[in-house]
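Only the coordinates and a few stated rules stand behind these numbers; no lab work does. Not measured: the values here are computed from a predicted model. Because the Cβ atoms are built from the backbone with ideal geometry, glycine has one as well, and the counts that use them run over all protein chains shown.
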Amino acid sequence: MNDVPDDTPITAYGLTRRVLNAFERNGIKTVGDLRGVTDMQMRCWGGFGEKCVKEVREVIGGHRERMVKHVEFVVFPPCP
């Protein structure tokens, strides 16, 4: 995914409507927007549970690990 331009639409990956709707609600429209978003952050989005996280992992596959270039340890508040 590092070789994929940041402006590549996230819709190019054939994700389900549920995942795409959650991405849209959270401002994720391109590969660049998705870079650095952790599984934990996605789980906090309404209607985005483990099944959706698993789908993102499967569809984007090993590419997603390469997208998150550096993630520092951050304590997030509990999901609302």
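What the table below lists for this structure:
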{"item": "Size of the stretch 10-66 as Cα extents on the principal axes (Å, biggest first)", "result": "25, 19, 19"}
{"item": "Cβ crowding within 10 Å averaged over residues, with 20-29, 46-55 ranked highest first", "result": "20-29, 46-55"}
{"item": "Surrounding net charge for P9, when Lys and Arg each add one and Asp and Glu each subtract one, Cβ distance under 12 Å", "result": "-3"}
